[in-house]
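Right, one structure below, let's go through it.
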Number of protein chains: 2
Amino acid sequence: MRAILFDVFGTLVDWRSSLIEQFQALERELGGTLPCVELTDRWRQQYKPAMDRVRNGQAPWQHLDQLHRQSLEALAGEFGLALDEALLQRITGFWHRLRPWPDTLAGMHALKADYWLAALSNGNTALMLDVARHAGLPWDMLLCADLFGHYKPDPQVYLGACRLLDLPPQEVMLCAAHNYDLKAARALGLKTAFIARPLEYGPGQSQDLAAEQDWDLIASDLLDLHRQLAASA
Amino acid sequence: MRAILFDVFGTLVDWRSSLIEQFQALERELGGTLPCVELTDRWRQQYKPAMDRVRNGQAPWQHLDQLHRQSLEALAGEFGLALDEALLQRITGFWHRLRPWPDTLAGMHALKADYWLAALSNGNTALMLDVARHAGLPWDMLLCADLFGHYKPDPQVYLGACRLLDLPPQEVMLCAAHNYDLKAARALGLKTAFIARPLEYGPGQSQDLAAEQDWDLIASDLLDLHRQLAASA
């Protein structure tokens, strides 16, 4: 095995707490009240349906910053918030500033000594580049949906990543906190590693609390993934 | 300006000395004699014609590792060298291990504080990833020919890079040691910075010894580029 691909939102960064905090900072700055938690959760709920409209051909190709912006406008209507252009842009940018989970940086640095590390994300390149700079993620490469014109779990994303890395799928492992993502990768011959992130969706999380298949590795965090890989090498 | 794209071979890394040294180490290991300098220079001479065959449609798309390998086989015939498969693979890999110029790392780290830094290279992603790891180049992103299915100076490469970075061309600067590359970038609206690398092709270099147009910046090395950008900010 030569390369590890990582899902980013949820697997490496805590998007939910990071967004809530940025909404709360904006609330203090504007001096009103914002439904910070509800906005965050409703926004993320529109993530999959928005990508699915692109995936099934109902909408033309648009990258994730564009989808986030459209969802935000709909959300503003839903919550009765008057957001001008500057605020819409600024809030869409919240997704560019996300905090890594406590084990993310140490785990990635440890893994990088032995493997190529690449993002495999439904975020677009410019978005993922900002996320990486903000969080300090030590990538070798960003492999984002806009390189392929497809969103995960479309096979073009996983196979396109292997092609660009010039590796057969069995030399590549996907590490993700989401079973659907690993399922698509396994079907194409990639190795799979599951890391549970039981707080990704907040205290009431009901999905992806555990591995739903016998993934090649099931780890408690990135440091544990590194230990397991080192032990099996 | 938000991003600086860098040509890599010659602009950031000294491919010629690095290849000659690796041929010399192989010569010592094999115990025979190898025309190390001639092999290096003849190999690089086949670089542009090989890409041009792809660019003008005489050959199907192939990435640079593949073109290097084909040129090496032709070269082995030309020099009467019997290279088995293992040696052909190993020597093709010489291009993955290239030394940065003395100013490259310090210059890139200084520039990275203010700008996104991305490779814009005719190398393929896997090759450029190895070059980056070997030399320690602190990239934000690799934008390589195989993302676009085109080689520089085809416009698809420069425009594809701007599209992936989500920036208009005037927010992007290309830094290169080659006038032809900057000419193509300027024609598409990118900003341009020339850095002379008068030893890239060895002591007899006759091309790209100086700027051939009034590029936006003309710098003696990357640290000078950083100084000039900081002074104009």
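The values are calculated or read from the model by the stated rules, or taken from the named source; none is laboratory data. Model, not experiment: these values are computed from the prediction. Glycine gets a Cβ as well: all are built from the backbone with ideal geometry, and neighbour counts include every protein chain shown.
The residues on offer are A:118, A:126, and the sole one that is touching a Phe, Trp or Tyr at 6+ places or on another chain (Cβ under 7 Å), within 12 Å of chain B (Cβ to nearest Cβ) and small (Gly, Ala, Ser) is A:118.
Table: residues versus (1) in a loop (DSSP other than H, G, I, E, B); (2) surrounded by 15 or more Cβ atoms within 10 Å (Cβ to Cβ); (3) modelled with pLDDT of 95 or more.
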residue	(1), (2), (3)
B:11	yes, yes, yes
B:61	yes, no, yes
B:67	no, yes, yes
B:108	no, yes, yes
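For the range A:146-155, the count of residues that are in contact with a Pro (Cβ under 9 Å, 6 or more places away or on another chain), within 14 Å of chain B (Cβ to nearest Cβ) and under 30 Å from residue B:111 (Cβ atoms) is zero.
Residue A:45 falls short on exactly one of the conditions (1) more than 24 Å from residue A:207 (Cα to Cα); (2) surrounded by fewer than 16 Cβ atoms within 10 Å (Cβ to Cβ), and that condition is (1). Please tell me if residue B:38 is of a type in the set (D, E, K, R), free of Cβ contacts under 8 Å to residues at least 60 places away in the same chain, on the phi < 0 side of the Ramachandran plot and touching a Cys at 6+ places or on another chain (Cβ under 7 Å). In short, no. Filtering A:158, A:180 for residues that are in contact with a helix residue (DSSP H, G or I) (Cβ under 8 Å, 6 or more places away or on another chain) and outside the structural domain of residue A:68 (by the TED database) leaves a single hit, A:158. Taking the range B:178-215 as the range and being surrounded by fewer than 21 Cβ atoms within 10 Å (Cβ to Cβ) and of a type in the set (A, V, I, L, M) as the test, the residues that pass are B:184, B:187, B:188, B:196, B:199, B:209, B:210, B:211. Across the range B:218-233, the number of residues qualifying as part of a loop (DSSP other than H, G, I, E, B) and surrounded by 16 or more Cβ atoms within 10 Å (Cβ to Cβ) comes to 1. Scanning the range B:131-145 for residues that are more than 17 Å from residue B:175 (Cα to Cα), surrounded by fewer than 23 Cβ atoms within 10 Å (Cβ to Cβ) and more than 9 Å from chain A (Cβ to nearest Cβ) turns up B:134, B:135, B:136.
The residues of the range B:163-174 that are buried (at least 19 other Cβ atoms within 10 Å of the Cβ), more than 10 Å from residue A:126 (Cα to Cα) and within 12 Å of chain A (Cβ to nearest Cβ) amount to a single one, B:172.
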